[in-house]
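Only one structure is covered here, and it is reproduced in the block below.
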Amino acid sequence: MRIISKFHDYYDSIQAYGQDRSITFLRKEQILEVKSKEEEFFLKHAISSSGDPFKYYYRSKTFRGEYIGFCNKWIPVVVREFNVKNGPYDQFGTDHVEYIYDLKRAKDVYPEESNLKLKGKSYSLDEFFAQKPGNKYYEIFLKDKLCYFHYGWSHEKQATVFTINPNLSKMQFYRHKDPFSCFQEIAQFISGVLGGSSPAMHQLNNEERIVKAGFNKWSFRRLPQ
């Protein structure tokens, strides 16, 4: 698989072992812009039948329940952030964030006296990790030929956002999937489900190829006197 991207991710090094150039992954990270209420309704109900991600504050820590869609797979994740107030940094930082993909680890670090709350309903970590996506979940991948996305909190936007092709290394996805398995699954998904490229590659016609090469209608012709 050939990856075209402006940033490096943790599984990129697998390309050194060989590339199948018939498979192309144009990896551009972007926040999806919801253009209508119909799209917003589809997105929320496709992602989760339970509702939006949760957020819980406990002393100097923040716990968030978020979701990653990866090659048609549904992956709940608990994000644990530390707010350092007495150290050199009085802010949330990437050095103080843990992405938890394992139920046992989540139970070890989550405060016992807390309850997860989603849409006003309390439920357990077992129920959170056992959640299933909505009925139209798989249409998200096929609609825009996506490999993976993240649905969760953005400090930059100060809102819950839907991010296409996020940097998985920043989300510590290597805790869940090793580099080789990650690369292989993406390549197989693009080849077997998305038709060989993600997103769909635009095929240039003859006129577009001429313009791209820097020619115009007067190339190789004498200008009129």
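Report the local net charge at SER197: Lys and Arg +1, Asp and Glu -1, summed over other residues whose C-beta lies under 14 Å from its C-beta. Kindly include the intermediate steps, with their values, before the conclusion.
On the way: positive: ARG2, ARG21, ARG27, LYS28, LYS145; negative: ASP20, ASP144.
Around SER197, the charge tally is +3.
With a point put 7 Å past each Cα toward its Cβ, work out how far PHE180 is from VAL193 in nm, to one decimal.
About 2.3 nm, to one decimal.
If we count every other residue with Cβ under 13 angstrom of LYS145's Cβ, Lys/Arg +1 and Asp/Glu -1, where does the sum land? Numbers along the way, then the final one.
Numbers: positive: ARG27, LYS28, LYS143; negative: GLU139, ASP144.
It works out to a net charge of +1.
Computed from the coordinates by the stated procedures, all read-outs in this text should not be read as laboratory data. Everything quoted here is computed from the prediction, not taken from an experiment. Heads up, the Cβs are rebuilt from the backbone with ideal geometry, glycines too, and the neighbour counts pull from every protein chain shown.
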